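Trainee: One structure, pasted below without further comment.
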Amino acid sequence: MTNLEKYDQVFINAFGITAEQLSGLQYQDIPAWDSVGHMQLIAELEDTFGIMMDTDDIIDFSSYEKGKEILAKPEYQIEL
């Protein structure tokens, strides 16, 4: 499984959505992505990729696409 597939699967599992819903998905676009859902998403991403995200990055993680940018940062080095 590629890193992108793992990333997608975390969103699908955390929010109970389909892969087709991922593109353009933003924080609070769906009821499941509220503040509690956000922390669940972050925890699952950290577990999946073996990382600990900085608080600023957790706050900035505002969309599916923005998450890709954040995980590509030098401190995480996750190619999606």
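Trainee: Around Thr48, under 12 Å between beta carbons, what's the net of Lys plus Arg minus Asp minus Glu among the other residues?
Mentor: Numbers: positive: Lys6; negative: Glu5, Asp8, Glu44, Glu46, Asp47.
With Lys, Arg at +1 and Asp, Glu at -1, the neighbours total -4.
Trainee: Given H placed 1.01 Å from N in the peptide plane, which residues other than close sequence neighbours of Ser63 have an amide H under 5 Å from its amide H?
Mentor: Those lying under 5 Å, H to H, from Ser63 are Tyr27.
Trainee: Provide the per-residue ³J(HN,Hα) series for the range 17-24, in order, calculated from phi with Karplus coefficients 6.51, -1.76, 1.60 and θ = phi - 60°, each as a whole number of Hz, with x at glycine and proline positions.
Mentor: Running phi through 6.51 cos²θ - 1.76 cosθ + 1.60 with θ = phi - 60° gives 10, 9, 4, 5, 8, 6, 4, x Hz.
Trainee: Rank Ile12, Ser63, Gln77 by how far each Cα sits towards the positive end of the charge dipole of the chain (+1 on Lys, Arg Cβ; -1 on Asp, Glu Cβ) and give me just the farthest.
Mentor: Ile12
Trainee: Return Ile59, Ile12 ranked ascending by Cβ neighbour count within 10 Å, so the fewest neighbours appear first. Present the calculation step by step, with values, prior to reporting the outcome.
Mentor: Numbers: Ile59 10, Ile12 14.
Ascending Cβ contact count within 10 Å gives the list Ile59, Ile12.
Trainee: Here's something else I'd like to know. Given axes a ≥ b ≥ c from the Cα gyration tensor, I'd like to know whether the range 3-71 is rounded (a/c under 1.5), prolate (a/b larger than b/c) or oblate.
Mentor: rounded
Trainee: A further question follows. For a Förster distance of 22 Å, can you work out the FRET efficiency between the beta-carbons of Gln28 and Asp54, rounded to the nearest 0.05?
Mentor: Working: r = 22 Å, r/R0 = 0.98.
So, using R0 = 22 Å, E works out to roughly 0.55.
Values quoted throughout were computed directly from the atomic coordinates according to the rules given, and no laboratory measurement underlies them. Bear in mind that the values here come from a model prediction, so they are computed numbers and not experimental data. Here Cβ is always computed from backbone atoms with ideal geometry, including for glycine, and neighbour counts include all displayed protein chains.
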